[in-house]
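Asks: The structure is given below, and queries will be raised subsequently.
The values are calculated or read from the model by the stated rules, or taken from the named source; none is laboratory data. Values in this document were obtained by computation on a predicted structure and should not be read as measured data. Please note: Cβ atoms are built from the backbone with ideal geometry, for glycine as well, and neighbour counts cover all protein chains shown.
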Amino acid sequence: MAKPRRGVQFQHRGSNHHNGRRPSISESDGVSESGSPIGAAMNGKLETSKEEDEPPPQSEYEKKKQNFITRAIWTLVMMAAFFTAMFSGHLYIIAIITGIQVMSFKEVIAIANVPSKAKNLRFTRSLNWYFLGTTMYFLYGESVIYYFKHIVLVDKVLLPFATHHRFISFMLYVIGFVFFVGSLQKGHYRFQFTQFAWTHMALYLIVVQAHFVMNNIFEGMIWFFLPASLVITNDIFAYICGIAFGRTQLIKLSPKKTVEGFVGAWVCTIFFGFAITNVLMRYKYFICPVNDLGANIFTGLECTPNPVFIPQAYHIPSIVTNIPFPGSLHIPSIVHVAPMQFHILVFATFASLIAPFGGFFASGLKRTFKVKDFGESIPGHGGITDRMDCQFIMGFFAFMYYQSFIAVYKANVGDVIQTAIQGLDHEEMVEVVKGLSKYLVNQGVVQESVMECWTGIVGKRR
């Protein structure tokens, strides 16, 4: 057998190609002479295709411009959705607050929930949502029973749930607590207890405070809209005043916040509060408590206005009225002002000087976990929590202030029904109804035949 000869080249194989392989396109590019027409054309096509595939990078100005446009568009979208819901009725605002509540909880939990996936821990995410559902069941139930007891307590199906609502809520929480203890895994105790504490902190800072915002809606739309608008206004004026004459840094957590912007926004928010309150007080849709969830801006609401919205006469001290002024200017001895105009000073001050610390708290939280935003739910704005960090504490304050200094406590139909159902037996309830019927007959509100009919019905049942 003849030995194969080495170094023999065949005519159909190029001498410049390694191992006798056909030249690929990339290899052809590499061996093509720069001066050859084929090589130049091929290199030019490849460079052109690369330029088409990779768009030129945006400048810093273009990025800021695009972000500003996106932010402005979504700001208008959110404003339109908010005002549409508010004018459509209280039920729509409640739905929005519920959605914000759930989304904010999801964003805050997601920050610390990533390591649980890496550790392959089961049920961590499920327990978070279970505790959220349990907490919302308790808080929403409390609100429904308090504001709609005249409906809930007379319903045969809902009565047991309303009567034993707190015990049911407690047992639901205990079930979650037992399940958490049963899910503990050796080697991960510290992490799992940290997650448990983180979940409860999120429930308190978001869900509980949002619950009081919900109660503000039931007390009257003004107690929800006014605090929310004051926070938004203060944020806008803080930005404007900070750019105009801000010099001194306010807090290290937010380097762009300045003392001048902080104080300037406070003054502007007070003036805005006076103006918007003067407008809202004129409409019962805003100042009346909710007695019909189907009401909207067109149907309106009817109620006896809270005295805080009724102008009252205030006497100006003579030492002030006797101050000489040029011309015909003088200070009147009596002025008529609604007490709400004094309360708005407190609301505006809290929205300007205290509520921003909710934002500072959120900034510190994001720095701790080294994230820019809580999420990407709103293009150009970040997450829902980034926009609501100051609103939760402001709504909580509005509820506490209203209940302490503004609310008028008097017996209503729901309170009377609750007292009768929970404190009287059936025989005593019948006597109460007979007594009320006799009173209404004597006052001429109902006819005497109603009393006779009721007495006959009760006699037959006995």
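Asks: Would you confirm whether any residue within segment 68-81 is touching a residue at least 60 places away in the same chain (Cβ under 8 Å), touching a Leu at 6+ places or on another chain (Cβ under 8 Å) and either within 25 Å of P289 (Cβ to Cβ) or of a type in the set (F, W, Y) (or both)?
Replies: no
Asks: Filter segment 245-267 for residues that are crowded, with 19+ Cβ neighbours inside 10 Å and of a type in the set (G, A, S); which is farthest from T368 (Cα to Cα)?
Replies: Looking at residues that are crowded, with 19+ Cβ neighbours inside 10 Å and of a type in the set (G, A, S), I get G264.
Asks: Tell me whether segment 268-288 contains one or more residues that are of a type in the set (V, I, T), exposed (fewer than 15 other Cβ atoms within 10 Å of the Cβ), modelled with pLDDT of 90 or more and in a helix (DSSP H, G or I).
Replies: yes
Asks: So I222 ticks every box in (1) crowded, with 21+ Cβ neighbours inside 10 Å; (2) closer than 22 Å to A362 by Cβ but one. Which box is left unticked?
Replies: (2)
Asks: Of all residues in segment 395-429, count the ones that are at pLDDT 80 or above and assigned to a helix (DSSP H, G or I).
Replies: 12
Asks: Look through segment 324-333, keep the residues that are surrounded by 10 or more Cβ atoms within 10 Å (Cβ to Cβ) and not small (G, A, S), and return whichever of them is nearest to L280 (Cα to Cα).
Replies: I331
Asks: Taking the options I206, I175, name whichever one is in a helix (DSSP H, G or I), surrounded by 14 or more Cβ atoms within 10 Å (Cβ to Cβ) and of a type in the set (A, V, I, L, M). Can you show your working first?
Replies: Numbers: I175 fails: surrounded by 14 or more Cβ atoms within 10 Å (Cβ to Cβ).
Only one candidate passes the filter, namely I206.
Asks: Within the group N278, N216, N234, which residue is touching a helix residue (DSSP H, G or I) at 6+ places or on another chain (Cβ under 9 Å), within 22 Å of L139 (Cβ to Cβ) and of a type in the set (S, T, N, Q)?
Replies: N216
Asks: What tally of residues in segment 437-462 results from selecting those that are modelled with pLDDT of 65 or more and either among the hydrophobic types (A, V, I, L, M, F, W, C) or at positive phi (or both)?
Replies: 10
Asks: Here's another thing I want to ask about it. Scan segment 178-200 for residues that are among the hydrophobic types (A, V, I, L, M, F, W, C) and either in contact with a Phe, Trp or Tyr (Cβ under 8 Å, 6 or more places away or on another chain) or loosely packed, with under 14 Cβ neighbours inside 10 Å (or both) and jot them down.
Replies: Passing the criteria: V178, F179, F180, V181, L184, F193, F196, A197.
Asks: Continuing with the same structure: Which one of the conditions (1) part of a helix (DSSP H, G or I); (2) without any contact (Cβ under 8 Å) to a residue 40 or more places away in the chain does L250 fail to meet, given that it meets all the rest?
Replies: (1)
Asks: Any residue in segment 215-230 that is over 21 Å from the mean Cα position of the chain (by Cα) and either hydroxyl-bearing (S, T, Y) or closer than 29 Å to H150 by Cβ (or both)?
Replies: No, that holds for no residue.
Asks: Out of all the residues in segment 324-336, is one or more within 29 Å of F83 (Cβ to Cβ), among the hydrophobic types (A, V, I, L, M, F, W, C) and either outside the structural domain of M388 (by TED's automatic domain parsing) or free of Cβ contacts under 8 Å to residues at least 60 places away in the same chain (or both)? Break it down into steps so the answer makes sense when it comes.
Replies: The initial filter retains those residues of segment 324-336 that are within 29 Å of F83 (Cβ to Cβ), namely none.
Within segment 324-336, none of the residues are within 29 Å of F83 (Cβ to Cβ), among the hydrophobic types (A, V, I, L, M, F, W, C) and either outside the structural domain of M388 (by TED's automatic domain parsing) or free of Cβ contacts under 8 Å to residues at least 60 places away in the same chain (or both).
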